[in-house]
Amino acid sequence: MSKFKKKKGGDLPAVNTASLPDIVFMLLFFFMVATVMREDTLMIENRLPSADQIEKLEKKNLVMYIYVGKPSSNYKAKYGTEARIQLNDKFAEVTDIAAFIAAERASKREEEIPYLTTSLRVDKEANMGIVGDIKQELRKVNALKINYTTTQGDVSNNN
Amino acid sequence: MAKRAAPEVNAGSMADIAFLLLIFFLVTTTMEKDSGISRKLPPIEESEEDVIIKQKNIFTVLLNGKDQLLVEEELMELKDLRAAAVEFLDNGGGENADGEKCNYCKGKRDPASSDHPDKAIISLKNDRETSYKAYISVQNELVGAYNVLRNRRALEIGPQKGFADMSFTEMTKNAKDVNWPGNKEKLKEVIDQIKKEYPQKLSEVQ
């Protein structure tokens, strides 16, 4: 009975890969949407400390970033190993902060200026001296809203 | 000439192109972590007028250059700090500026400790050599102390206002959440009330 002929055994049929591009595109779109291009190229080591009583920073475009940390290995020879400040793409001194804040403010609309927050992204190995200087400088230019940016985690991870 | 159908474009390499892009985005992606401890710096005031605050209303936390913690003149471990701060803030031994007693405090009502959460101030001092990670740990514990009290208060007054089983942290989260279905106006009132009852008075001394 040819109707009930057994299928020829042996070769497995090839898996249909026609939907592979769709799957890959789906992943691609996810990552494209989720990606935030880094605005600044870091020239310092920047491992943030962890904390668990944290709030999320709203309105990303109203945040000014100040990075602090040891110069990374490429820059060690030139800038030493003490923690330094980085503003935009350059190493800076504490005295440059006032100008930086003024420039950031000038680039925003006037009604947004009171909502500007300064995010302090400080390496956990840095010491408080430099942070204190930055805070003092921020007070002078009346940029009082700050955020000690941290990662989510238990404080015991800090050691 | 006979009409010929346009030849189909071979789409076999589409997956490869997509993979290439995918890998590029995978590599460049940094999931941004923009969260942290928010603080407001005190403005610089011209008139240096000293406000006299009673010593018992100040909770001094000192962090020295070797990251050792001195709380009210006593050495303390970091893990005990939160409980100590809660005890101080929640003491309620006296009256606030309006002469009201703290009827929601559950502390010991020790007359030698803080009068009212309204008056209690935590003062955090650090040295130049203090490491940033230790400083953040201490800040975290102190904010944690306030959150403990606020959460407790939220669970107490929440049910009366129609927000049962919601801690303060959840309340603030819901108030910001666009998709939250509840009454936001009312929720904000409750949040403001709790914030007023346990105001965050944390001073960072230079």
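Taken together, the values in this text are just the output of simple stated rules run on the coordinates, not laboratory data. It should be emphasised that the depicted structure is a prediction, and the values quoted were computed from it without experimental measurement. Methodologically, a virtual Cβ is constructed for each residue, glycine included, from the backbone with ideal geometry; neighbour enumeration extends over all protein chains shown.
A few points about this structure:
- Distant alpha-carbon pairs in the range A:97-159 (separation over 17 angstrom), percent: 48
- Sorted from greatest to least, the principal axis extents spanned by the alpha carbons of chain B come out as 106, 48, 38 Å.
- P(r) weight above 27 Å for the protein assembly as shown, C-alpha pairs, percent: 61
- Chain A, helix-only ellipticity at 222 nm - DSSP H runs n ≥ 4, -39,500 (n - 2.57), divided by all residues, nearest 500: -8000 deg cm²/dmol
- In this structure the amide hydrogen of B:Ser35, modeled in the peptide plane, comes within under 5 Å of the amide hydrogens of A:Leu57, A:Thr150, none closer than 5 places in sequence on its chain.
- Remark: mean inter-chain Cβ contacts per residue of A:19-27 equal 5, using a 10 Å Cβ-Cβ cutoff to other protein chain atoms.
- Rounded to the nearest 500, the 222 nm mean residue ellipticity of chain B from helices alone is -13000 deg cm²/dmol, with -39,500 (n - 2.57) taken per DSSP H run of at least 4 residues.
- For the range A:69-142 and the range B:146-203, distance of Cα centres in Å: 34
- Overall form of chain A per C-alpha gyration tensor (a/c, 1.5; a/b vs b/c): prolate
- For the residues of B:134-146, the average number of beta carbons from a partner chain within 10 Å of their own beta carbon is 6.
- Three-way shape label, the range B:149-206, alpha-carbon gyration tensor, a/c 1.5: prolate
- In terms of the mean number of neighbouring beta-carbon atoms within 10 Å, the peptides A:140-153, B:68-81 order highest first as A:140-153, B:68-81.
- Share antiparallel - DSSP beta bridges, chain A, percent rounded to 5: 40
- Prolate/oblate/rounded call for the range B:43-156, Cα gyration tensor, a/c under 1.5 rounded: oblate
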